[in-house]
Amino acid sequence: MNERARPETVGATLESSAFFMPFSMNRHFKKAPRLVARAEGIHYYTPQGSKLIDGTSGLWCVNAGHCRKKIVEAVQKQVAALDFAPPFQLGHPLAFEFADKLASIAPQGLSKVFFTNSGSESVDTALKLALAYHRVRGEGQRTRLIGRERGYHGVNFGGTAVGGIVANRKIFGALVAGVDHLRHTHDPARNAFARGQPKHGAEFAEDLERLCALHDPSTIAAVIVEPVACSAGVLVPPLGYLERLREICSRHGILLIFDEVITAWGRLGKPFATHHFGVVPDLITTAKGITNATVPMGAVFMKEELYQAFMQGPEKAIEMPHGYTYSAHPLACAAGLATMQVYEEEGLLTRAAELWPYWEEQAHALKNLPNVIDIRNVGLIAAIELAPREGAVGARGLDAHLKAFERGAYIRVAADTIALAPPLIIERPQIDELFGIVREALKTLA
Ligand SMILES: Cc1ncc(COP(=O)(O)O)c(C=O)c1O
C-alpha cells in the first residue's frame with residue numbers, strides 16, 4: 001500500500017495530498033485532519049480507535065446506522081452475481097423489484113420512479129421531467145423554475161440555480177436562465193424557540209402569487225422546495241405554509257416538487273415528510289437513506305399522470321431522453337432492497353415519531369447556554385443556532401464542530417447553526433450523550 005494512503009500515517013502527510021475535498025476548508029482541514037476509519041451502528045471510529053457518536057447520520061443519510069449486516073451482505077452477494085447492467089434498453093430484475101417496492105412506500109399517487117445516483121441528480125432529473133411534461137402536453141411555454149431563498153438542491157446546474165444559499169451560487173455565474181426564488185420562511189423575531197412547525201409565516205407562501213403576477217403563471221413549469229430546509233440551518237415550514245403553496249400551484253397549473261433528499265426515509269416519523277405534513281406534491285426527489293448511503297443512489301417519484309403523459313407517442317420511441325449510466329445500478333438496487341427490509345423489520349420509518357418528544361425536550365434544554373439564539377426541531381432533527389461573532393459569520397459554528405469532535409461527537413454546522421439528525425436507531429441514553437457533548441462544547445465556546 002502507498003505509505004500516504006495508510007490511515008495511521010495519513011495525518012502526517014495530508015497537507016500535500018492530491019485530494020481536493022468537496023465542500024471543505026481544504027487547507028485548514030489538511031493541517032489538522034479529522035479522519036474516520038471504521039463505523040458501526042451510531043458510531044464512527046478514528047484510525048486511532050477513538051469512538052465518535054454520529055450526530056448527523058453521516059450527511060443525513062445513514063438512517064439505519066452504519067455497516068448494517070443485512071445491507072452489507074446483500075451488496076457483497078450482488079457484486080459477485082451481476083456487477084453492472086446497462087439501464088438503457090436493457091434491464092435486470094432488481095431494478096423493477098426495487099422500483100415497485102419504493103412505489104409501495106411512497107405517498108399515494110406517486111407511483112412511478114426514475115432512478116439516479118444522488119440527490120443532485122434527482123433534483124436536475126425532476127426539473128427536466130417537469131419541463132418535458134409541460135412540453136409533451138403542448139404547454140412548452142412553461143419554462144420557468146421557482147426555488148426558494150436558503151433552499152439547497154444539490155450542486156448540479158439546475159439544483160444550484162434553484163437553490164438559494166448565496167455562497168453556493170455566487171462564484172458560478174448566471175447558472176440557468178428563467179429561474180426565480182420565493183422568499184425564505186425564517187422569522188426568528190416571531191418564531192424563535194418554536195417546537196415543531198412555527199405558528200407564524202403561512203403568508204410567506206403568498207410570495208408565489210407575487211412571482212405569478214410578475215412572470216405570468218402560464219410561463220412557470222415548477223416550484224421546488226424542501227419541506228424542511230435542512231442544509232441551510234433547519235427551517236421548519238410554518239403551519240399552513242405548504243398547504244398554501246400547494247393550493248397556488250394547483251390553481252395555476254404549476255407542478256410542485258418536494259425535495260425530500262433528507263426528509264424521506266423516516267426522518268420525520270413517517271416514511272416521507274409528505275406523509276407527515278399531509279400535503280402531496282407532483283414530484284418528490286430522494287437519495288441518501290434510500291440505500292442507507294451504502295451505495296450511492298437517488299430516485300424521483302412522480303404522479304401517475306405525469307408518467308402517462310410521456311407514454312402517448314409511438315411505442316418505438318424513447319419517451320424520456322434522460323438517464324445515467326448508473327441509473328438502477330445492481331449494487332444500489334440490492335442495497336436499497338435490503339435497506340427497506342431493515343427499515344420495515346425495525347420499524348425505522350416511524351421510529352422518529354416515538355423519539356420526537358424526548359428528542360425535543362433534550363434539544364430545548366440547551367436554551368440557556370451562552371450564545372444560543374434559537375432552537376428548532378422536527379422529527380429526529382434539531383438545530384441550535386448560535387449568535388455569529390462580530391464580523392466572522394460561521395467562526396463560532398466551526399469551533400462548535402471542532403470542540404464536539406474533540407469530545408466524541410461528529411456534528412454538522414451550517415454557518416453558526418448546529419444541525420443534529422442522528423441515525424434512527426439511536427436510543428434515549430445515546431440522545432442524552434449526544435446532547436451532553438454538545439452542551440459541554442457550547443459551554444467552552446468563546
Ligand atoms: C434537499 C437536498 N437536495 C439535494 C441534495 C444533494 O444531494 P447529493 O449530495 O446526494 O447530490 C441534498 C444534499 O444534502 C439535499 O439536502
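The values are calculated or read from the model by the stated rules, or taken from the named source; none is laboratory data. Note that this is a predicted model, so its numbers are computed, not measured. Using ideal geometry, Cβ is built from the backbone for each residue, glycine included, and neighbour counts are taken over all protein chains shown. Just so you know, the surface numbers come from the protein's heavy atoms only, side chains and all, with ligands and any DNA or RNA stripped out. Shrake-Rupley method; radii C 1.70, N 1.55, O 1.52, S 1.80 Å.
Side notes on the structure shown:
- The GNM of the chain, with springs linking C-alpha atoms under 10 angstrom apart, assigns the highest mean-square fluctuation among 192, 404, 126 to 192.
- Region 295-338 shape via C-alpha gyration tensor axes, a/c threshold 1.5: prolate
- Between residue 19 and residue 365, the modelled labels are 3.6 nm apart [label points 7 Å from Cα along Cα→Cβ].
- Take the Cα of residue 32, go 7 Å toward its beta carbon, and the backbone nitrogen atoms of region 385-406 under 12 Å from that spot belong to 398-406.
- Shape call, the chain: gyration tensor on alpha carbons, a/c limit 1.5: oblate
- Sequence-ordered 3J(HN,Hα) estimates for region 206-217 from the Karplus curve with 6.51, -1.76 and 1.60 and θ = phi - 60° stand at 5, 4, 5, 4, 4, 5, 5, 5, 5, 9, 6, x Hz, glycine and proline given as x.
- Cut-off under 5 Å, modelled amide H: who pairs with residue 235 long-range: 229, 230
- Exposure rank, largest accessible area first [270, 170, 112; 1.4 Å]: 170, 270, 112
- For the residue pairs 128/170; 199/367; 288/443; 199/288, the alpha carbons lie more than 27 Å apart in 288/443; 199/288.
- Solvent-accessible area per residue in region 294-446 equals 41 Å², computed with a 1.4 angstrom probe and all protein chains kept.
- For the residues 315, 149, 139, a 1.4 Å probe over the protein chains yields an accessible-area ranking, largest first, of 315, 149, 139.
- The chain - mean residue ellipticity at 222 nm from DSSP helices (-39,500 (n - 2.57) per run, n ≥ 4, rounded to 500): -11000 deg cm²/dmol
- Within a Gaussian network of the chain (alpha carbon springs, distance under 10 Å), most fluctuating of 96, 204, 301: 96
- Length gained when the stretch residue 213-residue 427 is fully extended (0.36 nm per residue, less Cα-Cα span): 72.1 nm
- The accessible area of residue 324, taken with all protein chains in place and a 1.4 Å probe, comes to roughly 50 Å².
- Three-way shape label, region 1-141, alpha-carbon gyration tensor, a/c 1.5: prolate
- Pairs of Cα atoms nearer than 8 Å and 6+ residues apart set the relative contact order; for the chain it is 21 percent.
- Protein accessible area in the chain, 1.4 Å probe - carbon and sulfur %: 55 percent
- Couplings for region 22-30, taken from phi via the Karplus curve 6.51 cos²θ - 1.76 cosθ + 1.60 with θ = phi - 60°, read x, 6, 9, 8, 3, 5, 4, 5, 5 Hz in order; Gly and Pro are left as x.
- Paramagnetic reach from residue 139 in region 180-210 [backbone N under 18 Å; point 7 Å along Cα→Cβ]: 180, 208-210
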